[in-house]
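Student: Have a look at this one before I ask anything.
The values are calculated or read from the model by the stated rules, or taken from the named source; none is laboratory data. Quick caveat: nothing in here was measured; it's all calculated off a predicted structure. Because the Cβ atoms are built from the backbone with ideal geometry, glycine has one as well, and the counts that use them run over all protein chains shown. Only protein heavy atoms, including side chains, enter the accessible area calculation; ligands, DNA and RNA are left aside. Shrake-Rupley method; radii C 1.70, N 1.55, O 1.52, S 1.80 Å.
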Amino acid sequence: MVQAVRGRIVTPEQEIPDGVVCWEGDRLSWVGSADQAPTQIAEELAQLPEGPQGYVIPGLVDVHNHGGGGASIPAVTDTAEVMRAVTEHRRYGTTRMLASLVTASPEVLLARVAVLAELADAGEIEGIHSEGPFLAASRCGAQDPAYLIDGDPTLVERMAEAARGHLATMTVAPEVTGANEAIDALLVAGALPSVGHTDASAPDTRAAVERLVDRLDGTGRRATVTHLFNGMRPLHHREPGPIPVVLAAARRGEIVLELIGDGAHLDPELVRDIIATVGPENVALVTDAMAAAGMADGEYVLGSLDVQVSDGVARLVNGGSIAGGTAHLIDVVRTTIAGGVPLVDAVRSASLTPAEVLRSRGQQGSAPYGALRAGYRADVVVTDPDLQVQRVIRDGQDVS
């Protein structure tokens, strides 16, 4: 049975002022302007209001998410806890996401990965992101420095085995001792390295990026940068550090930059200028959400660290570092648009670009997602004119 929604359709290429999105089962079957709709959907189209004002966008894809709805993914011990966070974000339009861990002891990481692998097997999450533990102590941010270690390929192999093929990405500081060996182990395991929480110099960063590009050449895969600007050496005109190196690599299409465009981690005008510089196809908007996403201000935890959320901003109780985000990805999209990024570009950076990062891991046997295109998964979000979510469809089914 064909189902359809009508509205201002947002594809990766354009906004269609009065368009229709159709699906059968879990696949999109037709996307286009209402006045060009095929005759076989005329009956469905006749039942939809003309001249709709709301938007129809693809399901959003978050590749950096530590929790929400009161559930902290780095602390979960069963799948029900994880699903609290997944459901919180899904009902606000994030139809696909990675579950992100933080730095912890090897035993804790392995236990958490085993829980998350069950949900990845069930298709509830797209995989696992481990933020650490091979990070720079001087740029650890909200990572517990007590558990930071040198690059350990054996730990990578153990985590990949526990993940049963679902270890998608891992954040690594390239200057940490043993980083190259850990990165090699990640690539062998089918996981993508992500440069982040780093105090690396420009030459060290350049060497790491060039090595990654060389190792991934011809595979269609791209490494990422974990939340650009946050948790890394800032740019200075005599000590440039990692930022200009990864900007140039993204501009060449060699790497994808994460940006936490929630208005707290980055100024929205900076997000606008980065997307204008490197292109939305090279930027993945992320939430870096933690347990407080969708919740009231108060006391929370991130991994082993205590967090206080005030006015929607999460900070460590000790030290005051920002400790993850409290926004949903649709909030990030709205903030990014308010900062001057065109609607089509902001949506692409929150859907197709991160989806392409995930699909490059070798999921070619399944239908693609992240865009309103025929043949793609029927992941659809209907919003009002202010991009407030009204309806979410995942795999052709309404999300409750």
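Student: Got a sec? Which helices (runs of 4 or more DSSP H) wholly within segment 298-400 have at least 3 residues that are on the phi < 0 side of the Ramachandran plot, in contact with a Ser or Thr (Cβ under 8 Å, 6 or more places away or on another chain) and among the β-branched types (Val, Ile, Thr)?
Tutor: By residue number, 329-338.
Student: Which of the residues belonging to segment 51-97 are without any contact (Cβ under 8 Å) to a residue 40 or more places away in the chain, outside any helix (DSSP H, G or I) and surrounded by fewer than 24 Cβ atoms within 10 Å (Cβ to Cβ)?
Tutor: Scanning segment 51-97 gives Gly51, Thr77, Asp78.
Student: Would you tally the residues in segment 118-142 being in a helix (DSSP H, G or I) and either basic (Lys, Arg) or touching a residue at least 60 places away in the same chain (Cβ under 8 Å) (or both)?
Tutor: Result for segment 118-142: 2.
Student: Any idea which residue in segment 160-181 is nearest to Thr219 (Cα to Cα), counting only those that are open to solvent by less than 10 Å² (accessible area, probe 1.4 Å) and of a type in the set (A, V, I, L, M)?
Tutor: Out of the qualifying residues, it is Ala168.
Student: Here are Glu107, Glu157: which of them is open to solvent by 50 Å² or more (accessible area, probe 1.4 Å), part of a helix (DSSP H, G or I) and without any contact (Cβ under 8 Å) to a residue 12 or more places away in the chain?
Tutor: Glu107
Student: May I pose another question? How many residues are within 22 Å of Gly231 (Cβ to Cβ) and open to solvent by 50 Å² or more (accessible area, probe 1.4 Å) when one looks only at segment 182-209?
Tutor: Of the residues in that region, 4 qualify.
Student: Determine the pairs where a residue that is without any contact (Cβ under 8 Å) to a residue 12 or more places away in the chain, located within segment 253-282, has a partner that is of a type in the set (Lys, Arg) with Cβ atoms under 8 Å apart, the partner being 6 or more residues away or on another chain.
Tutor: none
Student: Same structure, new question: Restricting to segment 286-296, what's the tally of residues that are in contact with a strand residue (DSSP E or B) (Cβ under 6 Å, 6 or more places away or on another chain), of a type outside the set (Ser, Thr, Tyr) and on the phi < 0 side of the Ramachandran plot?
Tutor: 6
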